[in-house]
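> Dropping the structure in here first, questions after.
Please treat every number below as a calculation from the coordinates, not as lab data. None of the values given here were measured: they were computed from a predicted structure. Don't worry about glycine lacking a Cβ; one is built from the backbone with ideal geometry, like all the others, and counts go over all protein chains shown.
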Amino acid sequence: MPDAPASAQLIKAFANTVDIELGTDELDTAGRLSGWLTGQGLLDRNRRISAEDHALCLRLRAGIREELGINVGDTADATLLAEAEEVLHELPVLISLRGGARDAVLSPSPNLPPVRKALADLAIAWSELTITGEAARLKRCAAHACAWVFWDVSKNRSRRWCSMRVCGNRAKARRYTAKQAAA
Ligand SMILES: [Zn+2]
């Protein structure tokens, strides 16, 4: 089973801070966002996060979740994608070509304040996944009531549900019931 790269694990954790099924959001306040970023090692300690930065982070998450829905055939909300794109433009990221183009390294601009740097790190993890094409393995469960983000370990990257045993079977049962009703 191929392990998800660190950037995929981070983005998966970030995307799953909102739980559609339970109706919970681990990042619903700036304080909780600070705690989460610290827990992920992106902030050295809890810091005050402005309402603006909090909103920025939530827009980035919403856009990423939309992108991950595209991977299971969902139609993305263009507004959410555009808003996340703007966030990416607001977080200055440097490309260092120290060892030549092969070893290009993305890093947050050194002048960023700590919170912006943490957000830039999230943007970098997302960019790395997109550049390597590995973002295609990260998916939002096709069952909309679930919408859990998972890493698709199947060889042909064909999984659409977070767990075939739960969401996949639920979807199949619904189709079966609909067919019976139509017959
Ligand atoms: Zn699911």
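> What is the order of Ser163, Ser96, Ser34, fewest Cβ neighbours within 10 Å to most?
Least to most surrounded, the residues fall as Ser96, Ser163, Ser34.
> Would you count, across region 6-182, every pair of lysines whose alpha carbons are under 24 angstrom apart, provided the pair is eight or more residues apart or spans two chains?
Total qualifying Lys-Lys pairs in region 6-182 comes to 6.
> Using a Gaussian network for the chain with springs between C-alpha atoms less than 10 Å apart, which of these wobbles most: Ile124, Ile11, Ile95?
Maximum fluctuation in the GNM of the chain, among the listed residues, is at Ile95.
> Moving to a separate point now. When Asp121, Asp25, Asp74 are ordered from fewest to most other Cβ atoms inside 10 Å of their Cβ, what list results?
Asp25, Asp74, Asp121
> Also: Just name one of Ser158, Ala55, Leu129: the one whose Cα is farthest towards the positive end of the charge dipole of region 49-169 (beta-carbon charges, Lys/Arg +1, Asp/Glu -1).
Ser158
> Based solely on its DSSP helices, what 222 nm [θ] is calculated for the chain when runs of n ≥ 4 H residues each add -39,500 (n - 2.57) and the sum is averaged over all residues, nearest 500 deg cm²/dmol?
Computed ellipticity for the chain at 222 nm equals -15000 deg cm²/dmol.
> Just the Kirkwood number for the chain, please: inverse of mean 1/r across all distinct Cα pairs, in Å, one decimal.
Every distinct Cα pair counted, the radius reaches 17.6 Å.
> How high is the FRET efficiency from Tyr176 to Ala78, r the C-beta distance, R0 30 Å, rounded to 0.05?
For Tyr176 and Ala78, the calculated efficiency is 0.35.
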